[in-house]
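Notes follow the structure.
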Amino acid sequence: ETGVTQTPRHLVMGMTNKKSLKCEQHLGHNAMYWYKQSAKKPLELMFVYNFKEQTENNSVPSRFSPECPNSSHLFLHLHTLQPEDSALYLCASSQQDREVPGELFFGEGSRLTVL
Amino acid sequence: KNQVEQSPQSLIILEGKNCTLQCNYTVSPFSNLRWYKQDTGRGPVSLTIMTFSENTKSNGRYTATLDADTKQSSLHITASQLSDSASYICVVSKAGGYNKLIFGAGTRLAVHP
């Protein structure tokens, strides 16, 4: 148990569906992240929220829409996805000290399959 | 270009044997280097974090080394166990930005009985 909880763990959706991934952290951290992990590729940073404000959007397509209602919850809204979006989506949190990246604590991931 | 290269891509060893995983990076300016263990279908878990001034750091049977001059790090696993089977990811933090973490593609380790 890392203190970061992701739901659902597995999701299968069609290209026309709308779904959401949820992440909750119980560590009192001030920063939350979404990463995409495809097979045999490095983790790709998608979004960063620091103190609930989005501070990074790493050229992610608009079919991925993040939402951070408070410092402990993070959502990733999905719509009209493509099969190449199938991947493991990891949420992480950290305690940021000025501009120094704190240690990342990852959730277990949401395995997404787009048909 | 800021890059993190890991080798080998995959490795198979017998239970009880030692192994060493390599990480070379070109990230600059350097802040710290991290090793993560990721079990299949799970999220990565931190093993060690090393700053510029640290040459070696241990966490149980895991020992990480860092040579900041040659920009190389290694992760040594002693007396491997079946539970060590996982991907090991090297991550280098670039100084000056809280989101500047450069990830390697990982080494996939399989420990066989």
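Data overview
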{"read-out": "Selection status of A:Leu74, within 10 Å of the chain's Cα centre (by Cα) and at the interface with chain B (Cβ under 10 Å from one of its Cβ atoms)", "value": "no"}
{"read-out": "Residue within segment A:90-112 that is surrounded by fewer than 17 Cβ atoms within 10 Å (Cβ to Cβ), more than 17 Å from A:Ser20 (Cβ to Cβ) and in contact with a Gly (Cβ under 7 Å, 6 or more places away or on another chain) present", "value": "yes"}
{"read-out": "Considering residues of segment B:47-75 that are within 14 Å of another protein chain (Cβ to nearest Cβ) and touching a Leu at 6+ places or on another chain (Cβ under 7 Å) only, the residue nearest to A:Gln96 (Cα to Cα)", "value": "B:Met50"}
{"read-out": "Qualifying residue in segment B:78-86 (condition: at pLDDT below 95 and in contact with a Gly (Cβ under 9 Å, 6 or more places away or on another chain))", "value": "no"}
{"read-out": "Subset of segment B:1-55 (residues that are in contact with a Lys or Arg (Cβ under 8 Å, 6 or more places away or on another chain), in a loop (DSSP other than H, G, I, E, B) and surrounded by fewer than 17 Cβ atoms within 10 Å (Cβ to Cβ))", "value": "B:Asn2, B:Gln9, B:Thr26, B:Ser28, B:Pro29, B:Gly41"}
{"read-out": "The listed residue being at pLDDT below 95 and not β-branched (Val, Ile, Thr), out of B:Arg108, B:Arg42, B:Arg61", "value": "B:Arg42"}
{"read-out": "Elements of type strands (runs of 3 or more DSSP E) contained in segment A:1-72, each with 1 or more residues being of a type in the set (Val, Ile, Thr)", "value": "A:4-7, A:10-13, A:44-50, A:53-57"}
{"read-out": "Extreme residue, farthest from A:His10 (Cα to Cα), among residues of segment A:20-58 that are away from chain B (no Cβ under 13 Å) and out of contact with any strand residue (DSSP E or B) (no Cβ under 7 Å at 6 or more places or on another chain)", "value": "A:Gly28"}
{"read-out": "Residue among A:Ser94, A:Ser86 that alone is over 10 Å from the mean Cα position of the chain (by Cα) and within 14 Å of chain B (Cβ to nearest Cβ)", "value": "A:Ser94"}
{"read-out": "Close pairs from segment B:67-80: first charged (D, E, K, R), partner exposed (fewer than 14 other Cβ atoms within 10 Å of the Cβ), Cβ under 9 Å, at least 6 apart", "value": "B:Asp67/B:Asn55; B:Lys71/B:Thr26; B:Lys71/B:Ser28"}
{"read-out": "Which listed residue is in contact with a strand residue (DSSP E or B) (Cβ under 7 Å, 6 or more places away or on another chain), farther than 30 Å from B:Ser7 by Cα and either surrounded by fewer than 19 Cβ atoms within 10 Å (Cβ to Cβ) or more than 13 Å from chain B (Cβ to nearest Cβ) (or both), from A:Thr16, A:Thr7", "value": "A:Thr7"}
{"read-out": "Verdict on B:Ser93 being part of a strand (DSSP E or B), of a type in the set (S, T, N, Q) and modelled with pLDDT of 95 or more", "value": "no"}
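The values are calculated or read from the model by the stated rules, or taken from the named source; none is laboratory data. Quantities reported herein were computed from a predicted structural model and do not represent experimental measurements. Reconstructed Cβ throughout: ideal geometry from the backbone, glycine too, with neighbour counts over all protein chains shown.
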